[in-house]
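Encoded as structure tokens, the structure appears first; notes follow it.
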Amino acid sequence: DAKTTQPNSMESNEEEPVHLPCNHSTISGTDYIHWYRQLPSQGPEYVIHGLTSNVNNRMASLAIAEDRKSSTLILHRATLRDAAVYYCILMEYGNKLVFGAGTILRVKS
Amino acid sequence: GAVVSQHPSRVICKSGTSVKIECRSLDFQATTMFWYRQFPKQSLMLMATSNEGSKATYEQGVEKDKFLINHASLTLSTLTVTSAHPEDSSFYICSAKTGGWNEQFFGPGTRLTVL
């Protein structure tokens, strides 16, 4: 599975947008970009995924670079409930997820 | 929709006993279920993949005779930790997906403590 690189941690203020970066320079043409998040002592939660085009859903937006070597998860207005570990994962369609270390997002009130 | 439950949420057992953890998809049919393990302050580690009606595929280094996985129906998979030891104490998490989906949906996890 192709690797991703994420910052260890980021901090945001409540009610402000958050941009979580992910580098995946060795991505292959069939790899989907997935984002999951995990709150303390809970199972991960699906956030969003995409292949080539930017994607929006009720939770977040996913901006994918034209060369697909990087992507950014955008939380439009961070709340305290968004504090979690965010995982950026590359996955071939229908294949397994391999979790890296992720980014710890802290949200300040 | 896409809810996955696990039972129990916490279990404490004595060394040498076996523990069974259930994973259920509540509102969809899970053709594939996955089992993960997570140690404190670490990321999730995939243990095995199971397809309904088939034998599970274990990741390298995971003992299939110690971690028995059964996926007998489209809504239920079980993980049995046999002859548990303190080093098996961990957070066990399942996830499920159905054939046409790309995303997985995770259960809330089971915290196992072996004394």
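Relative contact order for the range A:50-93: 24 percent, from Cα pairs under 8 Å spaced at least 6 residues apart, divided by residue count.
For residue B:105, the shell of other residues with beta-carbons less than 14 Å away shows a net charge of 0, using +1 for Lys and Arg and -1 for Asp and Glu.
Take every Cα pair under 8 Å whose residues are at least 6 apart in sequence, average their separation, divide by the length of the range B:1-91, and the relative contact order is 32 percent.
Projecting the Cα atoms of A:97, A:52, B:4 onto the charge dipole of the protein assembly as shown (Cβ charges, centred on the Cα centre) puts B:4 farthest toward the positive pole. Relative to its Kirkwood radius, the Cα radius of gyration of chain B gives an Rg/Rh of 0.95. For the options A:79, A:30, A:52, a Gaussian network treatment of chain A with springs between C-alpha atoms closer than 10 Å singles out A:30 as fluctuating the most. Panel order for B:115, B:26, B:44, B:76, by other beta carbons found within 10 Å of each beta carbon, from fewest to most: B:115, B:26, B:76, B:44. By the count of neighbouring beta-carbon atoms within 10 Å, fewest first, A:66, B:22 end up ordered A:66, B:22.
Please work out whether the range B:15-77 counts as rounded, prolate or oblate from its C-alpha gyration tensor, where a ≥ b ≥ c are the square roots of the eigenvalues and a/c under 1.5 means rounded, while otherwise a/b larger than b/c means prolate and anything else oblate? Because a/c hits 1.5 or more and a/b exceeds b/c, the range B:15-77 counts as prolate. In order along the range A:14-28, the phi-based Karplus estimate (6.51 cos²θ - 1.76 cosθ + 1.60, θ = phi - 60°) of 3J(HN,Hα) comes to 4, 6, 9, x, 10, 10, 9, x, 8, 9, 8, 5, 9, 4, 9 Hz; Gly and Pro are listed as x. In this simple spin-label model, placing a label point 7 Å from the Cα along the Cα-to-Cβ direction at both residue A:95 and residue B:74 gives a separation of 2.7 nm.
Within the same chain, lysines fewer than 8 places from residue B:97 are excluded, and of the rest, those with a Cα less than 16 Å from its Cα are A:96.
If only the Cβ of Lys and Arg carry +1 and only the Cβ of Asp and Glu carry -1, the dipole of the protein assembly as shown around its Cα centre is close to 480 debye. Using a Gaussian network model of chain A in which every pair of alpha carbons under 10 angstrom is joined by a spring, one finds that among A:36, A:46, A:86 the greatest mean-square fluctuation is at A:46. Taking amide H as placed 1.01 Å from N in the peptide plane, the amide H of residue A:106 sits under 5 Å from that of A:10, A:11, A:12, each at least 5 places away or on another chain. Can you work out the FRET efficiency for the pair residue B:51 and residue B:111, with r the C-beta to C-beta distance and R0 = 30 Å, to the nearest 0.05? That pair, residue B:51 with residue B:111, gives E of 0.65. Averaging 1/r over every pair of different alpha carbons in the protein assembly as shown and inverting the result gives a Kirkwood radius of 18.1 Å.
Evaluating 6.51 cos²θ - 1.76 cosθ + 1.60 at θ = phi - 60° for every residue in the range B:12-24, the Karplus couplings come out as 10, 9, 8, 4, x, 8, 10, 10, 10, 10, 9, 10, 10 Hz, glycine and proline recorded as x. Computed from the C-beta positions of residue B:29 and residue A:16 and an R0 of 30 Å, the FRET efficiency is 0.15 to the nearest 0.05.
Result for chain A in a Gaussian network model with C-alpha springs under 10 Å: among A:13, A:56, A:95, the largest mean-square fluctuation is at A:95.
Taking every alpha-carbon pair under 8 Å whose residues sit at least 6 apart, chain A reaches a relative contact order of 37 percent.
Coordinate-derived values only; no laboratory data. From a predicted model like this one, the values you see are computed outputs, not experimental measurements. Every residue, glycine as well, gets a Cβ built from its backbone with ideal geometry; the counts of neighbours run over all protein chains shown.
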